[in-house]
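Presented below is the structure to which this report refers.
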Amino acid sequence: MEGSGIVLEEMNKALLIIDMLKDFLHPTGKLFCGDEARGIIPFIQGKIEEFRKGGELVIFLCDSHPRDDEEFELFPPHCVEGTEGAEIIDELPVVEGDLVVRKQRYNGFYETDLDGILRRNRIDEVEVVGICTSICVMDTVGGLRSRGYRVRVYRDGVADFDPQAHSFALKRMEKIYGAEIG
């Protein structure tokens with residue numbers, strides 16, 4: 001408002017797309033999350049288009065494990081570096097200006113430069129989509145909130161192979177982490 005002395009700061013947003021990878025989303029993938037998980041692809045395509053048109057940051061956060069990763073004591077080997085299973089699904093092509101961040105743990109901040117990327121781009125709000133709601137999505141949202149980012153998670157943009165864990169994770173992210181669930 002002119003003359004009011006009030007300065008309105010523009011919120012810089014980023015879209016964080018978590019683990020939309022072939023091992024999770026192709027029926028022959030090592031940890032296929034099911035047809036319901038594939039159902040979120042159109043929603044994510046729409047969010048990506050919205051962010052790109054608005055000139056906002058699009059970040060693909062991708063599981064990427066060495067062949068002998070200790071996580072394989074809990075889960076079958078998946079998203080092994082250099083394999084087709086570790087690739088982003090064809091329905092969500094990466095274009096110039098998008099960023100890809102590789103991770104080895106559930107929390108997208110563990111031994112990555114995700115926080116640095118968000119800070120350098122002056123991001124204060126992150127919208128989150130992807131899989132699995134109860135694992136990498138929830139842990140990364142916790143990491144975002146503990147670093148002071150505003151977070152929105154879209155129900156139509158997240159999925160899990162375990163429906164009960166999915167519901168629990170949405171409640172936890174909202175009630176404990178303070179994320180907005182849209």
### Query
Quick one: Gly142 ticks every box in (1) touching a Phe, Trp or Tyr at 6+ places or on another chain (Cβ under 7 Å); (2) buried (at least 22 other Cβ atoms within 10 Å of the Cβ) bar one, so which box is it?
(2)
#### Entry: the stretch 35-56 - residue that is part of a loop (DSSP other than H, G, I, E, B) and under 18 Å from the mean Cα position of the chain (by Cα) and, of those, farthest from Phe161 (Cα to Cα)
Glu56
### Task
Could you give me the residue pairs with C-beta distances under 9 Å whose first residue belongs to the stretch 153-172 and is under 15 Å from Gly39 (Cα atoms), whose second residue is part of a strand (DSSP E or B) and among the polar types (S, T, N, Q) wherever it lies, and which are 6+ apart or on separate chains?
none
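Out of all the residues in the stretch 133-154, which are closer than 20 Å to Ile89 by Cα and touching a strand residue (DSSP E or B) at 6+ places or on another chain (Cβ under 7 Å)?
Within the stretch 133-154, the first condition is being closer than 20 Å to Ile89 by Cα, and the residues that meet it are 133, 135-137, 154.
Residues satisfying the conditions are Thr133, Cys136, Val137, Tyr154.
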### Matching residues in the stretch 67-79 - criterion: being part of a loop (DSSP other than H, G, I, E, B), modelled with pLDDT under 95 and within 20 Å of Leu114 (Cβ to Cβ)
Asp69
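Right, Gly108: buried (at least 19 other Cβ atoms within 10 Å of the Cβ), at positive phi and within 14 Å of the chain's Cα centre (by Cα) or not? Talk me through it step by step, then tell me what you get.
Values: buried (at least 19 other Cβ atoms within 10 Å of the Cβ): yes; at positive phi: no; within 14 Å of the chain's Cα centre (by Cα): yes.
Here the answer is no, as Gly108 does not meet what is asked.
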### Query
Among Glu91, Glu96, which is the only one that is out of contact with any Cys (no Cβ under 6 Å at 6 or more places or on another chain), free of Cβ contacts under 8 Å to residues at least 24 places away in the same chain and outside any helix (DSSP H, G or I)?
Glu96
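Identify, please: which residue in the stretch 55-73 is touching a residue at least 40 places away in the same chain (Cβ under 8 Å) and not β-branched (Val, Ile, Thr) and is, among those, nearest to Asn121 (Cα to Cα)? Show your work before the answer.
Just the residues of the stretch 55-73 that are touching a residue at least 40 places away in the same chain (Cβ under 8 Å), to begin with: 56-64.
Remaining after also requiring not β-branched (Val, Ile, Thr): 56-57, 60-64.
Working: Glu56: 10, Leu57: 8, Phe60: 15, Leu61: 16, Cys62: 20, Asp63: 23, Ser64: 24 Å.
Step by step, filter the stretch 55-73, then rank; the result is Leu57.
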### Task
Looking only at the stretch 111-130, count how many residues are under 20 Å from Glu49 (Cα atoms) and buried (at least 18 other Cβ atoms within 10 Å of the Cβ).
7
### Query
Thr112 fails exactly one of the following numbered conditions: (1) within 27 Å of Gln164 (Cα to Cα); (2) among the polar types (S, T, N, Q); (3) in contact with a strand residue (DSSP E or B) (Cβ under 8 Å, 6 or more places away or on another chain). What is the number of that condition?
(1)
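Let's see how each residue does on (1) buried (at least 17 other Cβ atoms within 10 Å of the Cβ); (2) under 21 Å from Arg150 (Cβ atoms):
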residue	(1), (2)
Asp23	yes, no
Asp35	no, no
Gln45	no, no
Glu50	no, yes
Asp63	yes, no
His78	yes, no
Asp98	yes, no
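The values are calculated or read from the model by the stated rules, or taken from the named source; none is laboratory data. Predicted model, so just to flag it, every value in this text is computed and none were measured. All Cβ positions, glycine included, derive from the backbone under ideal geometry; neighbour counts span all protein chains shown.
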